[in-house]
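Below is one structure, written out as structure tokens; comments come after it.
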Amino acid sequence: MKPERIIKHARQQLFLGLDFSTQGLKSTLIDRAGQVKAEMAVQFDAALPEFKTRGGVHRQADGLTVTAPPLMWVAALDVLLTRMRKDRWPLARIAAISGSGQQHGSVYLKHGARAALGTLNHRQALREQLADIFSFDRSPIWMDSSTTRQCRQRDAALGGAQAVAQLTGSRSYERFTGNQIAKFYEQHPDLYAATEHIALVSSFAASLLIGDYAPLEPGDGAGMNLMNIRTRDWAASALRCTAPGLAKRLGAIVPAHQVIGNLSRYFVQRYGFAPQTTVIAFSGDNPNSLAALGLARSGDIAISLGTSDTVFGALSAPRPSASEGHIFGNPINPRGYMVLICYKNGSLTREWARDEYAHSSWKAFAEELAATPPGNGGRIGFYFKEPEITPLALKPGIYRFGPSSRPAWFTRAQNIRAVVEGQFLSMRLHSGNLGLEPHTLLATGGASVNSSLLQVMADVFGREVLVSRQSNSASLGAALRALHGWHCWRARKFVPFANVAQPASSFRAAAEPDRSRHRLYTALLPRYAQLEQKVIS
Ligand code: 5FX
């Protein structure tokens with residue numbers, strides 16, 4: 001049967017996207033037209049204070065190790081679903097669920113965990129039944145930068161940084177799962193031996209839903225330094241230099257639109273979901289955001305201004321670089337790729353600048369920005385409050401240069417402008433190096449409501465900036481992928497994403513570039529690149 005006929009004759013079903021983000025669990029419910037019907041979120045710190053997280057994470061005293069308790073994610077799922085049931089969400093009408101997870105985090109499950117997942121009692125909360133399934137009760141997450149040594153070992157074993165990038169789509173990154181696993185194996189060989197399965201945050205969440213170990217898909221799988229980016233299967237040499245017996249602990253990689261199982265009986269009996277609810281492979285937050293924006297054409301680029309800032313876009317042929325960015329599988333095109341450039345100094349660093357230089361007020365921040373000329377009179381700054389990863393692994397530090405490229409002191413307003421301009425100049429420089437040439441820019445993420453930031457973005461890139469009214473792009477993307485996967489499953493073949501799963505929310509023009517300001521930034525870019533070299537060398 002043709003996909004169009006299936007759409008016409010099927011009953012009106014709903015599709016759920018869950019996003020296990022760093023700070024909370026978000027959800028988006030859509031109908032078959034991609035229209036958002038409901039949203040709900042649980043903030044980890046507030047809803048589950050007993051886990052004592054700040055922003056959903058635990059930071060160790062070394063300043064490098066950042067983890068999250070995986071049991072908190074388990075507990076959050078029950079909290080969210082209980083609230084949905086209380087608010088009378090039509091859970092029985094949900095035909096398919098997919099999800100999203102913060103990328104790179106690893107969850108270590110001990111022998112017996114699979115059996116525990118498969119035999120849940122719906123009368124008891126998940127956290128009571130699953131408290132003992134972890135061989136390590138701390139999941140290293142994407143904010144962790146404690147694996148430099150393991151990265152260098154990977155480089156040495158695989159023939160250097162560019163060779164690692166060619167094979168896996170990215171050079172060795174501290175936060176990438178393979179390097180976390182290598183560190184775990186080195187530091188806790190006994191716990192590694194006790195580990196039956198290693199999941200990503202996304203596949204762990206999917207495992208809860210299907211009551212079994214869930215496979216990965218190539219969007220999130222590419223964020224591990226373990227997957228061959230071209231074959232989309234494990235790279236044996238990359239597994240070998242990580243830890244012994246890893247392949248059997250990682251499970252399979254399947255296409256992102258694949259049904260990975262039916263919803264576990266636990267959720268059917270406890271919350272009233274339909275027994276035939278299908279679960280589609282979960283992916284990472286960035287691949288899901290790409291799906292939410294339907295980025296298919298080359299030149300479609302999005303910039304997400306969030307806890308981490310990311311630049312991402314679709315690509316047909318991978319051009320991995322050891323200098324910047326990542327190539328991941330494209331979750332809406334099984335033969336395509338996506339580029340992602342990630343900055344650790346995103347909203348947290350802008351918020352720090354607001355507190356430090358603008359009396360903790362966004363209004364004052366915008367006024368200070370407006371009080372300084374575009375280009376900041378030739379002043380350029382680098383603000384790494386967090387250890388940065390783009391273009392290289394960099395320690396925290398602040399570097400300010402005057403018009404003559406010498407270190408300089410900045411006023412409050414000059415600091416604010418330098419924080420904002422520096423970030424967009426960096427994005428333009430590094431996305432250009434990877435061959436991304438935007439025709440328009442889509443801005444998403446929490447800080448995309450800030451119009452003064454968007455104006456600088458438009459001026460630096462010389463392109464119109466559009467924003468989506470939909471802010472939870474990862475959970476929306478997951479919901480759209482649930483819809484897409486469900487169509488593919490019903491059609492028994494791959495159906496193009498755009499045919500069945502267009503996001504219904506429209507984009508609105510938010511900033512027009514000013515030609516003369518754009519020329520000024522274009523002239524500034526080579527100096528920015530030179531100073532960046534100075535800072536990183
Ligand atoms: C991407 O590579 C990242 O590390 C971040 O964007 C995380 O996915 C945030 F959750």
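Count of segment 193-248 residues, restricted to those that are assigned to a loop (DSSP other than H, G, I, E, B) and farther than 30 Å from residue 324 by Cβ, is 7. In segment 206-219 there is at least one residue that is within 14 Å of the ligand (Cβ to nearest atom), crowded, with 24+ Cβ neighbours inside 10 Å and in contact (Cβ under 8 Å) with a residue 24 or more places away in the chain. Of the strands (runs of 3 or more DSSP E) entirely within segment 285-334, those holding at least 1 residues that are within 13 Å of the ligand (Cβ to nearest atom), touching a residue at least 12 places away in the same chain (Cβ under 8 Å) and among the aromatic types (Phe, Trp, Tyr) occupy 309-315, 326-329. If you go through segment 335-359 and pick out every residue that is part of a strand (DSSP E or B) and farther than 30 Å from residue 254 by Cβ, you end up with 1. Restricting the search to segment 29-57, which residues are on the phi < 0 side of the Ramachandran plot and part of a loop (DSSP other than H, G, I, E, B)? Those that are on the phi < 0 side of the Ramachandran plot and part of a loop (DSSP other than H, G, I, E, B): 31, 32, 33, 35, 48, 53. One residue alone among 129, 153, 124 is on the phi < 0 side of the Ramachandran plot and free of Cβ contacts under 8 Å to residues at least 12 places away in the same chain, and that residue is 124.
In the set (1) without any contact (Cβ under 8 Å) to a residue 60 or more places away in the chain; (2) surrounded by 22 or more Cβ atoms within 10 Å (Cβ to Cβ); (3) touching a strand residue (DSSP E or B) at 6+ places or on another chain (Cβ under 8 Å), residue 417 fails one condition alone, (3). Scanning segment 132-147 for residues that are more than 16 Å from the ligand (Cβ to nearest atom), out of contact with any Phe, Trp or Tyr (no Cβ under 8 Å at 6 or more places or on another chain) and touching a residue at least 40 places away in the same chain (Cβ under 8 Å) turns up 137, 138.
So that you can scan it fast, the table gives a plain yes or no per residue for (1) modelled with pLDDT of 95 or more; (2) surrounded by fewer than 20 Cβ atoms within 10 Å (Cβ to Cβ); (3) among the aromatic types (Phe, Trp, Tyr):
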residue	(1), (2), (3)
36	no, yes, no
44	yes, no, yes
54	yes, yes, no
63	no, yes, no
69	yes, no, no
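Of all residues in segment 162-190 being under 21 Å from the mean Cα position of the chain (by Cα) and assigned to a loop (DSSP other than H, G, I, E, B), which is nearest to the ligand (Cβ to nearest atom)? Out of the qualifying residues, it is 175.
Scanning segment 41-74 for residues that are among the small types (Gly, Ala, Ser) and over 24 Å from residue 476 (Cβ atoms) yields 61, 63. Among strands (runs of 3 or more DSSP E) entirely within segment 370-480, having at least 3 residues that are under 30 Å from residue 63 (Cα atoms) singles out 380-384, 397-401. The set of residues from segment 54-90 being under 12 Å from residue 271 (Cα atoms) and out of contact with any strand residue (DSSP E or B) (no Cβ under 8 Å at 6 or more places or on another chain) comprises 78, 81, 82, 85, 86, 88. Residue count for segment 83-108 satisfying the condition of being in contact with a helix residue (DSSP H, G or I) (Cβ under 8 Å, 6 or more places away or on another chain) and more than 16 Å from the ligand (Cβ to nearest atom): 8.
Output the residues belonging to segment 18-38 that are of a type in the set (Lys, Arg), more than 16 Å from the ligand (Cβ to nearest atom) and in contact with a helix residue (DSSP H, G or I) (Cβ under 9 Å, 6 or more places away or on another chain). 32 - this is the single residue of segment 18-38 that is of a type in the set (Lys, Arg), more than 16 Å from the ligand (Cβ to nearest atom) and in contact with a helix residue (DSSP H, G or I) (Cβ under 9 Å, 6 or more places away or on another chain).
The values are calculated or read from the model by the stated rules, or taken from the named source; none is laboratory data. Here the structure is a predicted model, which means the values were calculated and not measured. With ideal geometry, Cβ positions are generated from the backbone for all residues, glycine too; neighbour counts draw on all protein chains shown.
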